[in-house]
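The values are calculated or read from the model by the stated rules, or taken from the named source; none is laboratory data. Owing to the predicted nature of the structure, the values given are computational and were not obtained by experimental measurement. Heads up, the Cβs are rebuilt from the backbone with ideal geometry, glycines too, and the neighbour counts pull from every protein chain shown. Ligands, DNA and RNA are excluded from the accessible area calculation, which covers all protein heavy atoms including side chains. Shrake-Rupley method; radii C 1.70, N 1.55, O 1.52, S 1.80 Å.
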Amino acid sequence: MAERPARSVLHAGYFDAGLTEIDPELAAALGGELGRLQDQIELIASENLVSRASLEAMGSVIVNKTVEGYPGKRYYGGAEFADAVERLAIERAKSLFGAAHVNVQPHSGSQANLAVFAAFLEPGDRIVSMDLSMGGHLSHGSAVNISGRWMQAHHYGVDPDTGRIDLDAVADLVRRVRPKLVICGGSAYPRAIDFAAFRDVADQVGAVLLADIAHFAGLVVAGLHPDPLPHAHVTTTTTYKNLRGVRGGVILTGDPELGRRIDSAVFPGVQGSVILNAVAAKAVCFGEAARPEFAAWAASVLTNARAMARVLAERGFDVVTGGTDTPIVLVDLRSVGISGRDAQALLEGAGFTVNKNTVPGDTRPPWVASGIRLGSSAGTTRGFGEDEFVWIAERVADVLEAQTERVVDETRQAVSELCARFPIYPGRRF
Ligand code: DSN
């Protein structure tokens, strides 16, 4: 029998042809996404634009490697470089946040929070967290999430007059419920969190305090938001929002003993093998966030969010809490007479990508909602400064006020012109 070349079992170009050649259908969809990112204004608060270096790490050959466990204690061989990658990510995150212990393996923020639950709670235990509809997060004990199905979750909201957390009300709830875990932070709360006050409340009942800083972690790094590390027992964050990295989660703590419990909870508690290309890209993210330019970027994110909030408030929109201390601007549209869902669709037609969001006291279901959430992180990465964000807020206000095809079309054209002046990923096809 004739000997076949070893690689004849592979299709032509397996190791050297690109995606466009091998899978044009998928390449077209990915190219479409690049075109969408280039030609619209991204205002979704949980999004950003990663660096080319992050993209390279994410698409590197480490994607092939399987490891379980932690650097130096793996269940698989051949882990020398996997260990180097993970150690870099850990050491950089420790230095960035001033944390004694970091776990960089969580696949997402929700996985990070689930691991914290696994580390400190048993099914049926009580937790206290912010209500999802008031700005909390699905993984903080929402009834439709495993965190709420397996734990007894009790929620605090915000003061109906100010839209802000009422710490006295939180303390009352915590003393009444006597939870094992208290969570602060969320996904649509625009104001700074007083971590010291939350720790004081948690200490009154001996609860663990978890701070979820996913939406403003970059501001924490830059010293523009209170730092949770000195106060919270455990801090979680995602890397892809305000840290400007690829998708993933991280757990930080100032206590090495808690760190050991967290490590066991992540693996083997709630995850198996490590997504090493994501860990490599997290290392890039932490390295980039330690650069002096990052602090300037973060300051600009805050200035830009505040500019949007200011203009929208001046135009008569109900900006929840009247402003922001984070990249998030939450707008209650009930006085405008349009639902969050319809506003999202209208703005998308005009070239702005936003997400509908419930607002405090909302009576609409979350898939309709009465508000929109805007964020400044992605636009700031693109190079938009305060002038551009003032322009954006004015145009968003125009579209929501007019609600006409003519204004939507005129705005779409103007958005394209602005976007053309701020190119992203030059030379890339997807
Ligand atoms: N937590 C979701 C959000 O805030 O949009 C996804 O990251």
- Query: Would you say Gly245 is in contact with a His (Cβ under 6 Å, 6 or more places away or on another chain) and open to solvent by less than 40 Å² (accessible area, probe 1.4 Å)?
  - Reply: no
- Counted residues in segment 123-151 being crowded, with 16+ Cβ neighbours inside 10 Å, more than 16 Å from the ligand (Cβ to nearest atom) and either aliphatic (A, V, I, L, M) or assigned to a strand (DSSP E or B) (or both) come to 4
- Message: Against the conditions (1) within 16 Å of the ligand (Cβ to nearest atom); (2) touching a residue at least 40 places away in the same chain (Cβ under 8 Å); (3) under 21 Å from Thr321 (Cβ atoms); (4) crowded, with 22+ Cβ neighbours inside 10 Å, where does Gly163 fall short? Just the number, please.
- Response: (1)
- Does Arg199 satisfy being touching a residue at least 24 places away in the same chain (Cβ under 8 Å), open to solvent by 10 Å² or more (accessible area, probe 1.4 Å) and assigned to a loop (DSSP other than H, G, I, E, B)? no
- Query: Taking only pairs six or more apart or across chains, which ones have beta-carbon atoms under 8 Å, a first residue in segment 126-146 that is in contact (Cβ under 8 Å) with a residue 24 or more places away in the chain, and a second residue that is among the basic types (Lys, Arg) and open to solvent by 50 Å² or more (accessible area, probe 1.4 Å)?
  - Reply: Arg126/Arg178; Arg126/Lys180; Ile127/Lys180
- Message: Could you check segment 202-213 and list, in sequence order, the residues that are open to solvent by 10 Å² or more (accessible area, probe 1.4 Å) and within 16 Å of the ligand (Cβ to nearest atom)?
- Response: Asp212
- Query: Of the residues Val182, Val221, which single one is open to solvent by less than 30 Å² (accessible area, probe 1.4 Å) and either at negative phi or more than 15 Å from the ligand (Cβ to nearest atom) (or both)?
  - Reply: Val182
- State the number of residues belonging to segment 97-118 that are more than 16 Å from the ligand (Cβ to nearest atom), open to solvent by 30 Å² or more (accessible area, probe 1.4 Å) and either among the polar types (S, T, N, Q) or at negative phi (or both). 3
